[in-house]
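Asker: Structure incoming, see below.
The values are calculated or read from the model by the stated rules, or taken from the named source; none is laboratory data. Treat the numbers as computed from the prediction; the structure is a model and nothing was measured. Glycine also receives a Cβ, built like all others from the backbone with ideal geometry; neighbour counts cover every protein chain displayed.
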Amino acid sequence: MLADACQLALTGARENGIAVTLDLAEDLPELAIDRIQIQQVMVNLVRNAIEALSGVPERALAVRAWRTADGGVEVRVEDSGGGFAAEVRDRLFQPFVTTKARGMGLGLSICRTIVEAHGGRLSIGERAGGGAAVGFHLPAGPPV
């Protein structure tokens, strides 16, 4: 499911000079999730990362997913773009807050709502070496 979402979201990325790394563990558990909604979260996060790479010299994007100690799944999307500006960092999950010139500011808010409806959490951080990291954790078992 994650691989399918990545394939869709990464359309044209390599052709546009983006070095893509997919590191999706093979032992990911089956979770009680709405696959379409979680795929939408993945597509949004990957497309955001691709947009963040516009105009930067190092264009790297990595998607990683692994089984967590609690039996859930952790997913991280990392890019070598400019990262998150300090003035919006604490408000990124609020509706209508955006870092894009043409963005509506709804994507991360919707992603957060979807992930939390599945009992998970969405987080942002920094990529080692510069850039952004956005991830989410989905717990094992039914949504809380």
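Conditions (1) among the hydroxyl-bearing types (Ser, Thr, Tyr); (2) modelled with pLDDT of 90 or more; (3) touching a His at 6+ places or on another chain (Cβ under 8 Å), marked per residue:
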site	(1), (2), (3)
Gly81	no, yes, no
Glu87	no, no, no
Lys100	no, no, no
Met104	no, no, no
Cys111	no, yes, no
Glu116	no, yes, no
Phe136	no, yes, no
Pro143	no, no, yes
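Asker: So if I check each of Pro95, Pro57, which one is at pLDDT below 80 and either of a type in the set (Gly, Ala, Ser) or assigned to a loop (DSSP other than H, G, I, E, B) (or both)? Outline the logic, then answer.
Answerer: Numbers: Pro57 fails: at pLDDT below 80.
Just a single option satisfies the conditions, and that option is Pro95.
Asker: Which residue is nearest to Leu61 (Cα to Cα), if the candidates are limited to region 25-49 and must be free of Cβ contacts under 8 Å to residues at least 12 places away in the same chain and assigned to a loop (DSSP other than H, G, I, E, B)? Break it down stepwise before answering.
Answerer: Looking only at region 25-49, we keep the residues that are free of Cβ contacts under 8 Å to residues at least 12 places away in the same chain, and these are 26, 30, 36.
From what is left, the residues that are assigned to a loop (DSSP other than H, G, I, E, B) are 26, 30.
On the way: Glu26: 20, Glu30: 26 Å.
Top of the filtered list is Glu26.
Asker: Oh, and also: I'd like to know if region 51-58 contains one or more residues that are among the polar types (S, T, N, Q) and either touching a residue at least 60 places away in the same chain (Cβ under 8 Å) or crowded, with 19+ Cβ neighbours inside 10 Å (or both).
Answerer: Taking region 51-58 as the starting set, the residues that turn out to be among the polar types (S, T, N, Q) are 54.
Checking the rest, the ones that are also either touching a residue at least 60 places away in the same chain (Cβ under 8 Å) or crowded, with 19+ Cβ neighbours inside 10 Å (or both) come to none.
No, every residue in region 51-58 fails to be among the polar types (S, T, N, Q) and either touching a residue at least 60 places away in the same chain (Cβ under 8 Å) or crowded, with 19+ Cβ neighbours inside 10 Å (or both).
Asker: Of the residues in region 12-29, how many are out of contact with any strand residue (DSSP E or B) (no Cβ under 7 Å at 6 or more places or on another chain) and either on the phi > 0 side of the Ramachandran plot or modelled with pLDDT under 90 (or both)? Step through it out loud before you land on a result.
Answerer: Step one: filter region 12-29 for residues out of contact with any strand residue (DSSP E or B) (no Cβ under 7 Å at 6 or more places or on another chain), giving 12, 15-17, 26.
Still in the list and also either on the phi > 0 side of the Ramachandran plot or modelled with pLDDT under 90 (or both): 12, 15-17.
Of the residues in that region, 4 qualify.
Asker: Take the residues of region 63-78 that are in contact with a strand residue (DSSP E or B) (Cβ under 9 Å, 6 or more places away or on another chain) and touching a residue at least 60 places away in the same chain (Cβ under 8 Å): which is surrounded by the fewest Cβ atoms within 10 Å (Cβ to Cβ)? Show your work before the answer.
Answerer: Applying the first criterion (in contact with a strand residue (DSSP E or B) (Cβ under 9 Å, 6 or more places away or on another chain)) to region 63-78 yields 63-68, 70, 72-78.
Among the residues that remain, those that are also touching a residue at least 60 places away in the same chain (Cβ under 8 Å) are: 63, 65, 68, 70, 72-75.
Working: Val63: 25, Ala65: 21, Thr68: 13, Asp70: 11, Gly72: 19, Val73: 24, Glu74: 19, Val75: 24.
The residue in question is Asp70.
Asker: So which of Leu45, Leu22 ends up being surrounded by 20 or more Cβ atoms within 10 Å (Cβ to Cβ) and either within 16 Å of Asp79 (Cα to Cα) or aromatic (Phe, Trp, Tyr) (or both)? Spell out the reasoning first.
Answerer: Numbers: Leu22 fails: surrounded by 20 or more Cβ atoms within 10 Å (Cβ to Cβ).
The match here is Leu45.
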